[in-house]
Amino acid sequence: MAASAITGWKILVSGASGFIGSALCPLLTGAGAKVTRLVRARPRDDSEIPWDAAGAMAGERLEGFDAVLHLAGETITGRWSAAKKQRILESRAQGTQTLATALAQCQRKPRVLV
């Protein structure tokens, strides 16, 4: 990814502390993007926004992002039993629904949702 392609972009990332997110966020920042993380825990500063994938979000805090990268969900590590597969599917479907609903209410929607 060329640094100039995302320089100055505001990017929102769910699952930022996961395997992919923890590697991706520093790369995006290094390329000139301003990264904000969606976190389940209490936010440490303005670079984090709280969310509950199963419930409502502070939609006004989602205004003005250029891109949203949705990586959150049940971890894929471990034995893939029928119950594990169901948790993986449901966590991603529910989180995506919550995030998409909140983003749809924004006046300035992101250019891209991945």
Listed by first then second residue, the pairs whose first member lies in the stretch 82-94 and is over 16 Å from Gly55 (Cα atoms), whose partner is not in a helix (DSSP H, G or I), with beta carbons under 6 Å and at least 6 positions apart or on separate chains, are Arg87/Glu74; Ile88/Glu74
Does the stretch 18-41 contain at least one residue that is modelled with pLDDT of 90 or more, open to solvent by 60 Å² or more (accessible area, probe 1.4 Å), touching a Cys at 6+ places or on another chain (Cβ under 8 Å) and not hydroxyl-bearing (Ser, Thr, Tyr)?
yes
Filtering the stretch 58-114 down to residues that are aromatic (Phe, Trp, Tyr) and at positive phi yields none
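Conditions (1) open to solvent by 60 Å² or more (accessible area, probe 1.4 Å); (2) modelled with pLDDT under 95; (3) aromatic (Phe, Trp, Tyr), marked per residue:
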| position | (1), (2), (3) |
| --- | --- |
| Ser4 | yes, yes, no |
| Val13 | no, no, no |
| Gly95 | no, yes, no |
| Thr98 | no, yes, no |
Go through the stretch 50-72 and count every residue that is at pLDDT 80 or above, surrounded by 18 or more Cβ atoms within 10 Å (Cβ to Cβ) and more than 16 Å from Lys109 (Cβ to Cβ).
3
Output for the stretch 61-81, where each listed residue is in contact (Cβ under 8 Å) with a residue 24 or more places away in the chain and either closer than 15 Å to Pro50 by Cα or in contact with a strand residue (DSSP E or B) (Cβ under 9 Å, 6 or more places away or on another chain) (or both):
Leu62, Glu63, Gly64, Phe65, Asp66, Ala67, Val68, Leu69, His70, Leu71, Ala72, Gly73
Would you call Leu89 surrounded by 12 or more Cβ atoms within 10 Å (Cβ to Cβ) and over 11 Å from the mean Cα position of the chain (by Cα)?
yes
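The values are calculated or read from the model by the stated rules, or taken from the named source; none is laboratory data. Not measured: the values here are computed from a predicted model. Backbone-built Cβ (ideal geometry, glycine too); neighbour counts: all protein chains shown. Surface areas here come from the heavy atoms of the whole protein model, side chains and all, with no ligands, DNA or RNA. Shrake-Rupley method; radii C 1.70, N 1.55, O 1.52, S 1.80 Å.
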